[in-house]
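Below is one structure, written out as structure tokens; the observations come after it.
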Amino acid sequence: MTTTSTSSAPRRAAARAAARRADLAGWLLVLPALAAYGTFVIYPLATGIQFSFYDWNGIGAATWVGLENYITVLTNPDLLGAIRNSFVLVAFFTIIPVGTGLVLATLIRTMRDGAALRAAQTVLFLPQIIPLAAAGIAWSWMYAQTGAVNQILNAIGLGFLARPWLADYATALPAVGLIGSWVLTGLCTVLLLTGIGKIDVSLYEAIRLDGAGWFREFITITLPGLRQELAVLVTLTMIAALSTFDIIYISTQGGPGRATLVPGLLIFRIGFTQSDVGLASAFGIVMMVLVLALVLPIQRLARIGDR
Amino acid sequence: MRLHMSRRSRTVVGAAVAFAMLGLAGCAPGASAPEETDGVEVSTELTDEEVVLTIADETGFPVTDALTEEFTRQYPNVTFEITRDTFQNLTANAPRLLAGANPPDLIRLPTIGDTVKDGLLANLDPYYEAYGWDAWPASQLSPLRMSEDGVRGSGSLYQLGLGYSVTGIYMNLNHAETLGITEPPKTIAEMEEMMDAAKAAGILPIMAGDSDGVVNFVVQALMNQYADQDEFLSWMFNEPGATYNTEGNVQGAEKIREWADKGYFPSDINAIDYFTFVTRFSEGEGLFTFNGNWAAAGYQEALGDDVTFFLAPPVNEGDRFIAMGAANSFSVAAGSDNLNEIVYFLNWIHTNPEARQIIVDITGASPGGDPSLPLPEVEPGSLIEKALEMSAQIGADNGQVDFMANTTAGIYAGSIIPESQLLVTSQITGREFVERVQAFYEQEIGG
């Protein structure tokens, strides 16, 4: 509290009343948002947690099973394999797009020509406005035995590498991962470019006067200046990787075998095909905890850097 | 200090809200008492009143359009509203559609699952008596029955078929001629010789795909020949203690592994889906392909007289034929307001000559019903005529088995597809395939 020990009792009471009124007004102001949040986020989350302790087919009677669903999630090799696959996808959804975005944003920043700059931005951002399902279909055509990827390989004399990319056990997961990289790189580039625009130009002039090169400039000025944007991007893309559904559903359905099976697809199948709502809910809760465990430290890191 | 207080109180409020919601939601989710279907007097007379019947069907299944049109022509007071969704969406949403306040009168339902236990389907037994369906082939109706403890194959009747399918093998006669093959193989061994000859001549022995699991037409066609039919069926019907892990099933699966090792399948089989393998066979690729009667009209159109259709051969010449076949199964919602009318429509489909003709013309499937009724007319020598003959042969041999994909709601996508993808690319043995599918089955049935 900001009141000092020397204040008299009545003044303290008045201040407390004012604070209460302010509190009340505050609560009234957030009420609509809170109601919406409660209905569409808290309530489903709470029922999800509740369902996860039952064996329930979504329609009939439910049986309390305690932690059994959670034990299944943490011991079933198929389910664990799906979680492992989603972590591999983090490399393609987070590391590649953010890395590429950094390089492209730094390069574009140095562009003098306004028209070329806008063109580059548009082209890079374009994949972002294409629905993921459509991207999935287009890419599965390109990855097919007779698709564009193999045609290009044949044309440049690398025909021995040609294969049905999405049906090959070794290449299926990286192949779907690259679809994600392609979609997310534009978002990363544009956001990082905006971030670079906010960095004080005099800092770049100063370091150049000190004789620093491109790399030194990048490490000392650009990278620290983009800390906020990087934290946002890493958070967004990591969530995208761990909750992927559409690309996989459209392109591979989790195959070949279980090479591209991810939690999103499994939760959908367990919940809606197998009608095991309890296990699907438990799996969803476990994924939520995993996402939070990964994302919260990143948020904290970004905030510590600010102080 | 203030910051700490507010943070803590926020957490407390959040937790309180969450627990309040939990409390509101009650102790256990879901309803416990299944609703009863009675309250309607069974009648085999069609009403004179204006009635609108609703049907929920899958997309790409035009037979319901033609049947309802013909029915309305014969009985103008009855009209239909058909809603369509993809097979996958419809299957996933069926229980919720049926449990809703306004369920469709008739719904395409490939697997009964928990719907009987949850009281969502109308029990057709009273109509079975009233219409005299006991004259229909019992083996065709038994997969459409379910007992009170959830075992298919016996108990009350909950479904009927809009056509009853049969599966077999199509052979490209152009390739056959090149290889000196004059008639369909009579045994599995004979078929293997033909495939060796094809492989040697640079012709793909079997056109098949497995990105969506359809290679299981081949897998099960082989298992059927080695397995004990009743034992296999009891597993598909979820009888207590039934197992997939039988020596016959293992032998069939090991045969598939052998065929995969010998390169009888396309090398990119896991990238080929149903549509692609049908197209590629239609374009002349492959000596054999495993498919059902529903593909007959398409193959005939594409290949003309250069294709024939026959039942999968047994192990020993002269053994009886076993083949997968199933009703294009539809169920009546327990909550239907027009039970008598919709069942009248179902009975009409099995007995009316025009309706039976529509079933055969559009689906190429057998119309089912009383075997003493005349069969619809088909073009002599056509694949559809072959399909009807095969249906009759299977009927005579009592050799119909269900599709193992229908064993449980989740087993196809969750186990049979991924494991068969591994099997046909020689990643696992036949025994491993069988063991893994059984493990998934036990987990799904038990869980």
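Computed values, structure above
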{"item": "Qualifying helices (runs of 4 or more DSSP H) (wholly inside segment B:334-442; at least 2 residues being outside the structural domain of B:G263 (by TED's automatic domain parsing))", "result": "B:339-351, B:353-363, B:383-397"}
{"item": "Residue count, segment B:156-196 (criterion: open to solvent by 10 Å² or more (accessible area, probe 1.4 Å) and of a type in the set (F, W, Y))", "result": "1"}
{"item": "Condition met for B:S415 (in contact with a helix residue (DSSP H, G or I) (Cβ under 7 Å, 6 or more places away or on another chain), surrounded by 20 or more Cβ atoms within 10 Å (Cβ to Cβ) and modelled with pLDDT of 90 or more)", "result": "yes"}
{"item": "Segment A:250-264, residues that are assigned to a helix (DSSP H, G or I), within 13 Å of chain B (Cβ to nearest Cβ) and surrounded by fewer than 24 Cβ atoms within 10 Å (Cβ to Cβ)", "result": "A:I250"}
{"item": "Odd one out for B:N89 among (1) under 17 Å from the mean Cα position of the chain (by Cα); (2) more than 21 Å from B:L346 (Cβ to Cβ); (3) open to solvent by less than 20 Å² (accessible area, probe 1.4 Å); (4) of a type in the set (S, T, N, Q)", "result": "(3)"}
{"item": "Helices (runs of 4 or more DSSP H) completely within segment B:214-323 that count 2 or more residues being among the aliphatic types (A, V, I, L, M)", "result": "B:216-226, B:229-236, B:247-261, B:296-303"}
{"item": "Residues of segment A:265-289 satisfying the condition of being among the small types (G, A, S) and at the interface with chain B (Cβ under 7 Å from one of its Cβ atoms)", "result": "A:S275"}
{"item": "Of all residues making up segment B:87-101, the number that are under 18 Å from A:A61 (Cα atoms), at the interface with chain A (Cβ under 8 Å from one of its Cβ atoms) and among the hydrophobic types (A, V, I, L, M, F, W, C)", "result": "1"}
{"item": "Residue list for segment B:322-337, filter: more than 26 Å from B:G60 (Cβ to Cβ) and buried (at least 21 other Cβ atoms within 10 Å of the Cβ)", "result": "B:I322, B:A334"}
{"item": "Complete set of residues in segment B:292-320 that are closer than 25 Å to B:D361 by Cα, buried (at least 18 other Cβ atoms within 10 Å of the Cβ) and not small (G, A, S)", "result": "B:N293, B:W294, B:Y299, B:Q300, B:L303, B:V307, B:T308, B:F309, B:F310, B:L311"}
{"item": "Residues of segment B:92-110 satisfying the condition of being open to solvent by less than 60 Å² (accessible area, probe 1.4 Å) and either among the polar types (S, T, N, Q) or assigned to a loop (DSSP other than H, G, I, E, B) (or both)", "result": "B:G100, B:P103, B:P104, B:D105, B:L109, B:P110"}
{"item": "Filter pass, B:V52 being open to solvent by 40 Å² or more (accessible area, probe 1.4 Å) and touching a strand residue (DSSP E or B) at 6+ places or on another chain (Cβ under 8 Å)", "result": "yes"}
{"item": "Residue list for segment A:68-112, filter: within 14 Å of another protein chain (Cβ to nearest Cβ) and either crowded, with 21+ Cβ neighbours inside 10 Å or of a type in the set (A, V, I, L, M) (or both)", "result": "A:N69, A:I71, A:V73, A:L79, A:A82, A:N85"}
{"item": "Qualifying residues in segment B:67-86 (those that are open to solvent by 30 Å² or more (accessible area, probe 1.4 Å) and part of a helix (DSSP H, G or I)) - the one farthest from A:Q253 (Cα to Cα)", "result": "B:Q74"}
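The values are calculated or read from the model by the stated rules, or taken from the named source; none is laboratory data. Here the structure is a predicted model, which is why all the values come from computation and not from measurement. Neighbour counts run over all protein chains shown; Cβ positions are idealised from the backbone, glycine included. All accessible areas refer to the heavy atoms of the entire protein, side chains included, with ligands and DNA or RNA removed. Shrake-Rupley method; radii C 1.70, N 1.55, O 1.52, S 1.80 Å.
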